[in-house]
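Structure first, commentary second.
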Amino acid sequence: MNLLFVADPLDHFKIYKDTTFSMMREAQRRGHRIATCLPQDLQWKSGDVVKATVRRITLTGDKHAWYTEDLVETRALKDFDAVLMRKDPPFDAEYIYATHLLEQAEREGATVINRPRSLRDHPEKLAVMEFPQFTTPTLVTRSPEAVKDFHAEHGDIILKPLDGMGGMGIFRVREDGLNLGSITETLNKGGAQTLMVQRFVPEIAQGDKRVLVIGGEPVPFSLARIPQGSEVRGNLAAGGKGVAQPLTDEDWTIARAIGPVLAARGLLLIGLDVIGGSLTEINVTSPTCFQEITEQTGFDVPAMFVDALERQLQG
């Protein structure tokens with residue numbers, strides 16, 4: 001197969017933990033050919049199809065010079081067997097524009113994973129609204145008054161921006177309400193932006209678990225991202241410690257309920273964030289943790305992903 005990865009610059013990859021790299025490595029191991037491009041390389045012109053300037057690469061196995069560039073060419077996206085959208089957030093206007101270009105490529109015959117329309121339709125924090133039976137009490141609002149009322153009801157809360165990533169912009173406000181007004185003003189920009197508020201889940205001390213679901217099937221191990229020191233955030237980017245562990249009964253229940261629903265919408269890979277038994281986010285843009293789970297448990301997550309990709313393309 002010829003695979004095109006739409007991703008961040010290759011020179012920015014941290015290959016010792018990068019999930020996109022692990023996908024590429026497994027695909028090449030099976031004899032598939034790899035090409036990459038950036039979102040800004042995508043273009044469309046009337047009377048033509050969506051094309052991109054792509055780099056054909058070969059992985060070397062050297063952790064320093066980890067790839068060689070074999071060819072740079074302009075190709076139609078429909079000429080690839082699959083186009084994998086693996087651009088990291090932010091989920092901003094340029095990301096959305098890229099999904100529109102990718103959706104046009106779909107209309108021209110390309111197979112895009114995850115499906116562009118579904119990427120747009122499932123913003124990672126708001127996607128939990130569809131599954132309220134699994135969430136901690138949650139509020140989505142611009143209203144400072146609504147935030148105050150939510151705090152009065154639940155006491156210990158978490159506030160976060162809808163466009164944050166890696167734990168950026170997350171605040172905890174306890175029962176004393178210290179700085180609640182200032183934090184709200186900071187996050188909602190004086191009422192101009194929507195924010196999310198959730199009741200604090202004390203099980204965060206045992207980790208914010210990333211539960212991966214591939215082709216509607218849960219990976220049997222999660223990566224619990226455990227906050228360190230006085231930090232409330234478990235995100236690896238915020239210094240959390242990643243510990244792989246078997247899925248709990250609650251994890252299985254959540255993953256088996258949500259996974260097939262979203263897989264049917266063209267989301268081959270999703271990452272559910274679960275604290276205790278509460279779903280807090282649904283990651284669809286570029287879910288990670290493949291390498292950490294594989295290295296700690298021996299369960300080959302990249303192989304499970306490429307298996308699912310091959311089945312989809314052959315089916």
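Data overview
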| item | result |
| --- | --- |
| Reach of LYS209 by Cα under 24 Å, taken over lysines that are not fewer than 8 positions away in the same chain | LYS14, LYS17, LYS87, LYS125, LYS160, LYS241 |
| Total formal charge among the other residues, if their Cβ is under 13 angstrom from that of LEU247, Lys/Arg +1 and Asp/Glu -1 | -1 |
| Segment 2-114 - share of DSSP beta bridges that are antiparallel (%, nearest 5) | 55 |
| Cβ crowding within 10 Å averaged over residues, with 26-35, 87-96, 207-216 ranked highest first | 207-216, 26-35, 87-96 |
| Amide N of segment 48-87 lying under 14 Å from the label point, which is placed 7 angstrom from the Cα of GLN104 along Cα→Cβ | 48-53, 76-78 |
| Ascending count of other beta-carbon atoms within 10 Å, so fewest first, for HIS154, HIS122 | HIS154, HIS122 |
| Ranked list, fewest to most other Cβ atoms within 10 Å of each Cβ, for CYS37, CYS289 | CYS37, CYS289 |
| Per-peptide average of other Cβ atoms within 10 Å, ordering 265-278, 66-79 highest first | 265-278, 66-79 |
| Exposure proxy ranking, count of Cβ atoms within 10 Å, fewest first, for LYS160, LYS189, LYS14 | LYS14, LYS189, LYS160 |
| q = 0.12, 0.15 Å⁻¹, the chain: log10 I(q)/I(0) [Debye, one scatterer per Cα] | -0.83, -1.22 |
| Length gained when the stretch GLU203-ASP249 is fully extended (0.36 nm per residue, less Cα-Cα span) | 15.0 nm |
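Each value in this text was obtained by applying a stated rule to the coordinates, not by laboratory testing. Model, not experiment: these values are computed from the prediction. Quick reminder, even Gly has a Cβ in these numbers, built from the backbone with ideal geometry, and neighbours come from all protein chains shown.
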